[in-house]
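A short write-up of the structure that comes next.
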Amino acid sequence: MNSEWGSIYKDLGLQPIINATGSVTALGGSVVAKEVKEAMDMSNDVYIPMADLEKKVGDEIANILGVPAAYITSGAGSALTLAAAAFMAGKDDKKIQQLPNTEGMPNKILIQKRQRYWYDRCMEFSGGQLVEIGNEDGTTKDDLINSIDDETACVHYPVYEQAEIDKNILSLEEVIEIAHSKNKPVSVDAAGQIYPLENFGKYVKMGADFQCIAAKYMGAPHSTGIALGTKDVIDSISRHSFVGYESRRIRGIGRPHKIDRQEIIGVYTAVQRWMSMNHEERLSLEETKTLNIINQIQSIDGIEVKIIDNIIGHQPFGLSLNIDSNKFKTNNHDFVETLKNSNPPIWTRVPDGEETIIIHVFGMNVEQSNIVGKIIKEKLEGLKK
Ligand SMILES: *Cc1c(COP(=O)(O)O)cnc(C)c1O
């Protein structure tokens, strides 16, 4: 077999790329860690009742994280859909089979206006409906108190601890207190909150009824995720899932969210690996890759290069690159295209709502970080005014 880099794709006539964007779904999300791959291979040629496997692995992961219960899903997005279904229909088999028709069920998923985000749509695939509370300026306690009624299924809250605290919105503590005082559950999207380790599962420990984790961020297959929550919510999620559909013969909406037994074993192995690995080493490697790029380009006149020193969450370090178009025949957006057209192609981006190029090293190895630095330098030198 041809062992040249990317040959499995090149043989198909496709062009593989260097990922300088980070863990993004559009480029494949993640690399499965070696020990995870090995455990997955070992589970491949053996059959197992999926309901038993889901239950056992969920219990083990819950134990490791110190939360009441856990369930493996086909991505954090799937966990969000199943949780929304669980908050609307609970364990009522008739209602489970009625979804996504929500007649007779509470179906409003409340979210603070300023917290709207790319993946909140996943909550609605259950048949529920997002309802914004507050406005662009913020959300008050009264806004939330007055919005909760019989039709409320849950209050949804995305957390992003890397970012500055938004003082105009309600904190998760406030949302939990208010929602629970009205007997309504709280759902948290904490997909990337896996480091520092005390953050992994923290929101359920704070009192949220459910949180998701994207296992793509920790060396598990890109297609997997984890639901964490109370025993009641996780039991309910299991009934809405593809396992419930096939094992219990109850036709819930979770049927298309199927995962393989290999993937369940993969997530279990990835969680064990993540909780026991040397994170100092992991962070130091990410810093090295970042510096490999920075050191090659920082002396170029007319660009601004800044290290991102964040270590919280799933994607540590990285850099921002800002090109002065008075000094170069290019600008940040055009240069992203230039890099995509280089050999090998390098994919990076100016993220939505930002001005500068943001490079993350999550998806590249050390050798590739050197190549990225070298190519950026060559291209910029060729584009000098
Ligand atoms: C990646 C991500 C998701 C979706 O996770 P998948 O596992 O890709 O379905 C949801 N929320 C946030 C915050 C994410 O970063």
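Structural remarks
- When GLU367, GLU355, GLU337 are checked against the criterion of being in a loop (DSSP other than H, G, I, E, B) and surrounded by fewer than 16 Cβ atoms within 10 Å (Cβ to Cβ), GLU355 stands alone in meeting it.
- Only residues that are more than 16 Å from the ligand (Cβ to nearest atom) and at negative phi were counted across segment 5-32, and they come to 13.
- Applying the condition of being polar (S, T, N, Q) and more than 17 Å from HIS222 (Cβ to Cβ) to segment 1-50 and asking which residue is surrounded by the most Cβ atoms within 10 Å (Cβ to Cβ) yields SER43.
- Where strands (runs of 3 or more DSSP E) sit wholly within segment 94-158, none has at least 2 residues that are farther than 29 Å from ALA26 by Cβ, within 16 Å of the ligand (Cβ to nearest atom) and more than 21 Å from the chain's Cα centre (by Cα).
- Taken across segment 246-266, residues that are β-branched (Val, Ile, Thr), out of contact with any His (no Cβ under 7 Å at 6 or more places or on another chain), within 16 Å of the ligand (Cβ to nearest atom) and more than 23 Å from ASP45 (Cα to Cα) do not occur at all.
- Residue in segment 195-205 that is near the ligand (Cβ under 10 Å from one of its atoms) and surrounded by fewer than 24 Cβ atoms within 10 Å (Cβ to Cβ) present: no
- Residue check for ASN63: over 19 Å from the mean Cα position of the chain (by Cα) and among the polar types (S, T, N, Q): yes
- Annotation note: of GLN112, GLN97, the sole residue that is in the same structural domain as THR73 (by TED's automatic domain parsing), surrounded by fewer than 16 Cβ atoms within 10 Å (Cβ to Cβ) and either in contact (Cβ under 8 Å) with a residue 24 or more places away in the chain or under 16 Å from GLY252 (Cβ atoms) (or both) is GLN97.
- Residues of segment 238-291 classified as of a type outside the set (Ser, Thr, Tyr) and farther than 30 Å from ILE359 by Cα, total: 23
- Residue that is nearest to the ligand (Cβ to nearest atom) [pool: residues in segment 164-194 that are aliphatic (A, V, I, L, M) and in a loop (DSSP other than H, G, I, E, B)]: ALA191
- The lone exception for GLY77 - which of (1) of a type outside the set (Phe, Trp, Tyr); (2) within 16 Å of the ligand (Cβ to nearest atom); (3) in contact with a Gly (Cβ under 6 Å, 6 or more places away or on another chain) it fails: (3)
The values are calculated or read from the model by the stated rules, or taken from the named source; none is laboratory data. These figures come from a predicted structure and were not determined experimentally. Quick reminder, even Gly has a Cβ in these numbers, built from the backbone with ideal geometry, and neighbours come from all protein chains shown.
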